[in-house]
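Below is one structure, written out as structure tokens; the observations come after it.
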Amino acid sequence: MRTIGVLTSGGDAPGMNAAIRAVVRYGIYNDINVLGIKKGYRGLIDNDMEKMDLSSVADIIHRGGTTLGTARCEKFMTKEGFNEALETIKYRDIDGLVVIGGDGSFRGAKELSEAGVKTIGIPGTIDNDLAYTEYTIGFSTALETILDAVTKIRDTSSSHERTIIIEVMGRNCGDLALYSGLAGGAEMVLIPEAKIDIENIAEKITSGMARGKKHSIILLAEGAGDAYDIRDKINKFIDIPIRCTVLGYIQRGGTPVSYDRLLGSRMGAQAVKCLIEGNNNVVLGTKDGKIFHMDIEKALNMKKKFDSEAFELTKILSI
Ligand code: ADP
């Protein structure tokens with residue numbers, strides 16, 4: 001390994017900078033040239049990258065987002081764009097590539113590995129929607145951000161004795177809604193993994209009110225439906241004021257919590273170690289607090305198991 005490239009792709013996630021920093025510094029520590037590729041796969045196509053030195057990653061470990069920039073690059077998915085990316089890799093003598101991103105970015109990494117590029121994937125996405133790993137970089141920070149919002153909304157919802165629907169990110173995976181619901185003491189959690197029964201939601205709100213509950217907090221994952229639409233459907237059963245809050249992009253930003261910085265630092269170093277040791281075309285994950293690597297294709301073919309225990313517990317604890 002003489003030269004490696006690192007890029008961040010897809011949705012940004014807090015902790016990606018810690019991972020970039022670790023790739024750069026662990027690489028330099030091992031006498032490897034590290035190229036910082038700009039804006040994900042876009043930078044590979046456009047040959048937009050720069051040689052990183054120790055100070056290129058100074059003062060970034062605490063910052064959200066990604067200092068390399070990121071993009072959703074449609075052109076990379078075309079034959080022409082993909083071949084241009086391969087040409088840049090050859091032209092720049094890149095011996096190994098670290099891709100920090102989510103499911104889509106890993107599919108791109110898999111294509112590159114099949115074309116002969118030694119590639120390592122680091123899971124960076126707030127959604128925690130990758131089946132093979134317990135946690136992804138960014139998830140814990142987003143969870144804290146949501147929990148902070150839930151706690152604040154709880155105050156007003158309790159003062160006004162109101163039902164409130166809080167919509168959070170998560171298109172295919174309800175982990176953000178599920179765990180912030182459990183940690184925030186929500187009355188209900190609506191996620192794409194579980195069927196939604198509007199009549200049952202209305203009954204639960206009514207019985208809660210009857211026994212003196214001051215509020216009902218419903219955590220909704222975006223993939224399970226639209227907050228306003230669900231409100232209207234509930235209102236067909238019970239005529240009470242329901243407020244909706246869609247949290248949006250605040251969930252993506254902010255200074256990464258310690259767990260995401262630790263995960264980023266460890267995984268960044270581990271990715272370079274994998275390349276040095278010849279464990280190529282793998283993605284990194286966590287299990288029981290340890291970092292492991294797994295074949296990209298195998299990881300992408302796994303189906304995410306839904307934490308039904310946490311889901312049931314949320315219901316029991318909010319009776
Ligand atoms: P994330 O990595 O956060 O899931 P995206 O799904 O937007 O984000 O993927 C990021 C980028 O990865 C895409 O813009 C595209 O360049 C690349 N990509 C996504 N899916 C594929 C695929 N099936 N094959 C090749 N590249 C892909």
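No lab work stands behind these numbers, since they all come straight from the coordinates. Computed from a predicted model, the values in this text were never measured in an experiment. Cβ placement follows ideal geometry from the backbone for every residue including glycine, while neighbour counts extend to all protein chains displayed.
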Open item on the list: Using the crude model of +1 on Lys and Arg Cβ and -1 on Asp and Glu Cβ, and no other charge, please compute the dipole size for the stretch 1-54 relative to its Cα centre, in debye to 20.
Closed with: 60 debye
Task: Contour excess over end-to-end distance, with Cα ends at LYS273 and ASN200 and 0.36 nm allotted per residue - done: 21.1 nm
Open item on the list: Give me the dipole magnitude in Debye, nearest 20, for the chain about the Cα centre, with unit charges on the beta carbon: positive for Lys and Arg, negative for Asp and Glu.
Closed with: 320 debye
Open item on the list: Tell me the mean residue ellipticity at 222 nm calculated for the chain from its helices only (DSSP H runs of n ≥ 4, each -39500 (n - 2.57), averaged over every residue, nearest 500).
Closed with: -13000 deg cm²/dmol
Open item on the list: To the nearest 20 Debye, how big is the dipole of the stretch 140-253 about its Cα centre, given +1 on the beta carbon of each Lys and Arg and -1 on that of each Asp and Glu?
Closed with: 260 debye
- [ ] Subtract the Cα-Cα distance of TYR91 and PHE306 from 0.36 nm times their separation in residues, and report this length gain in nm to one decimal.
- [x] 73.0 nm
Open item on the list: I need to check one value: relative contact order of the stretch 140-253, counting alpha carbon pairs closer than 8 Å and at least 6 residues apart, in percent.
Closed with: 39 percent
Task: Simple label model, 7 Å out from Cα along Cβ direction - GLU50 to ASP232, nm - done: 5.0 nm
Task: Where Rh is the Kirkwood radius over Cα pairs, Rg/Rh for the chain - done: 1.05
Task: Neighbour cut-off at most 15 other Cβ (10 Å), DSSP loop, chymotrypsin sites (Phe, Trp or Tyr not before Pro), the stretch 222-305 - done: PHE237
Open item on the list: Need one number: % antiparallel among DSSP beta bridges in the chain, to the nearest 5.
Closed with: 20 percent
TODO: Please list the non-local residues whose amide H lies under 5 Å from the amide H of SER216, H modeled 1.01 Å from N, same-chain partners needing a gap of 5 or more.
DONE: ARG162, THR163, ILE164
Open item on the list: I'd like the orientation of helix 175-184 relative to the chain: the angle between its Cα long axis and the longest Cα principal axis, in ° from 0 to 90, rounded to 10.
Closed with: 50 degrees
TODO: Kindly rank 54-66, 274-286, 124-136 from highest to lowest mean number of other beta carbons found within 10 Å of each residue.
DONE: 124-136, 274-286, 54-66
Open item on the list: What does the extension gain come out to for GLU74 and ASN30, with contour length at 0.36 nm per residue minus their alpha carbon separation?
Closed with: 12.4 nm
Task: Residue list for the stretch 228-262, given a label point 7 angstrom along the Cα-to-Cβ vector of HIS160 and an amide N cut-off under 12 Å - done: 241-245
- [ ] Note the angle between two axes, namely the Cα long axis of helix 139-159 and the longest principal axis of the Cα atoms of the chain, as a number of degrees from 0 to 90, rounded to the nearest 10.
- [x] 20 degrees
Task: Spin-label proximity, ILE250 to the stretch 136-166 - amide N less than 17 Å from point 7 Å beyond Cα toward beta carbon - done: 141-158, 164-166
